[in-house]
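The values are calculated or read from the model by the stated rules, or taken from the named source; none is laboratory data. What you see is a predicted model, and the numbers here were worked out from it, not measured in a lab. Counting neighbours? That spans all protein chains shown, and the Cβs are built from the backbone with ideal geometry, glycine included.
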Amino acid sequence: MVKDIKSMLQGVCAYGETSDALKQIKYERQRMQNEMTSFRRSLKDVKQIIKGLKIQNRDALLKTCGGVLHDCGDLKGKGCASGMYRLHPKGESPFKGYCDMNANGGGWTVIQRRQDGSTNFYRGWEDYKNGFGDPTGEFWLGNEHLYKLTSKGRYRLRVHLQDWSGSTRYATYNTFKLGNEGSGYKLTIGSYSGNAGDSMSYSNAAQFSTKDKGSTSSCAKRTFGAWWYKTCTHSNLNGEYLRGKTSGKDIYRGVSWYHWKGWNNSLRKSTMMIRKY
């Protein structure tokens with residue numbers, strides 16, 4: 001188009017056919033303007049269509065991923081994204097929880113996460129009973145929520161771990177269940193599989209203890225955490241957030257998984273999550 005106009009201008013200079021050439025230039029310019037106007041209208045129509053499709057897709061996802069959820073397992077296989085959802089165990093009050101829809105097929109209700117030391121985990125009984133922290137960051141879901149969830153069906157536990165070099169491991173237990181508060185939130189843990197080593201079977205049938213309550217509160221003080229202790233534990237994922245190797249008074253205090261890194265090596269990240277089967 002530009003080439004044609006240049007050719008016309010050259011004709012004006014060479015032959016002086018000013019009137020006809022200018023008319024042709026005006027015609028071509030108007031034609032180009034009309035084409036641009038038509039293109040802009042078409043582009044606007046396309047944008048409206050895309051916007052409509054996005055709204056339809058969003059509404060479809062909300063319909064699929066919303067509604068009443070017993071736990072995150074209700075979302076499994078529905079194409080829902082990881083994030084916060086309203087969970088409502090049958091016969092219980094609803095609460096907000098984080099659903100992991102990526103790990104091992106998705107549908108996991110995340111119950112604990114450590115990742116940056118931003119949340120204090122050396123807390124008392126009531127905090128661990130009701131839960132604390134930010135479910136999109138570091139948090140503990142709450143023993144009362146765990147009791148109510150796991151009393152409604154059979155659950156397995158999956159634990160993801162990462163050390164300070166970036167190496168990762170996992171552990172899966174085919175049963176995870178808590179008793180009520182009167183039992184001390186007694187833990188029932190099933191058989192192990194994975195590559196992290198079995199550091200939770202030792203806690204089977206143990207009561208939960210914090211620094212201010214529980215049959216093994218002395219272990220909670222010693223390990224600077226809260227857990228299902230015996231004498232004391234092979235895992236301490238609610239321990240103090242320390243970096244790597246520990247020694248002296250800190251030797252048992254870190255975020256530890258004995259059968260992978262020992263007691264004296266605090267991990268960088270841990271995630272605990274449950275799913276019904």
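Restricting to segment 209-241, name every residue that is assigned to a loop (DSSP other than H, G, I, E, B), over 25 Å from the mean Cα position of the chain (by Cα) and more than 15 Å from Glu126 (Cα to Cα). Can you show your working first?
The first filter runs over segment 209-241 and keeps only residues assigned to a loop (DSSP other than H, G, I, E, B), leaving 211-212, 214-216, 224-226, 229-234, 237-241.
Okay, now just the ones that are also over 25 Å from the mean Cα position of the chain (by Cα), so 211-212, 214-216, 224, 229-234.
Result: Ser215, Thr216, Phe224, Tyr229, Lys230, Thr231, Cys232, Thr233, His234.
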Legend entry - Any chance Ser19 is part of a helix (DSSP H, G or I), exposed (fewer than 12 other Cβ atoms within 10 Å of the Cβ), modelled with pLDDT of 75 or more and not assigned by the TED database to the domain that holds Arg154: no
Inset, instruction - Evaluate segment 231-240: report whether one residue or more is over 21 Å from Leu146 (Cβ atoms) and at pLDDT 95 or above. - result: yes
Inset, instruction - Scan (1) without any contact (Cβ under 8 Å) to a residue 40 or more places away in the chain; (2) within 17 Å of Leu157 (Cα to Cα) for the single condition Ser270 breaks and write down its number. - result: (1)
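Which one of these is at pLDDT 95 or above and buried (at least 22 other Cβ atoms within 10 Å of the Cβ): Gly254, Gly179, Gly166? Walk me through how you get there before you give the answer.
Values: Gly179 fails: buried (at least 22 other Cβ atoms within 10 Å of the Cβ); Gly166 fails: buried (at least 22 other Cβ atoms within 10 Å of the Cβ).
Just one listed residue meets the conditions, Gly254.
Is it the case, given these coordinates, that Ala205 is assigned by the TED database to the domain that holds Glu181, modelled with pLDDT of 95 or more and either among the basic types (Lys, Arg) or surrounded by fewer than 17 Cβ atoms within 10 Å (Cβ to Cβ) (or both)?
On the way: assigned by the TED database to the domain that holds Glu181: yes; modelled with pLDDT of 95 or more: yes; either among the basic types (Lys, Arg) or surrounded by fewer than 17 Cβ atoms within 10 Å (Cβ to Cβ) (or both): yes.
Yes, satisfied.
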Legend entry - Selection status of Ala206, over 27 Å from Asn130 (Cβ atoms), in contact with a Phe, Trp or Tyr (Cβ under 7 Å, 6 or more places away or on another chain) and of a type outside the set (Lys, Arg): no
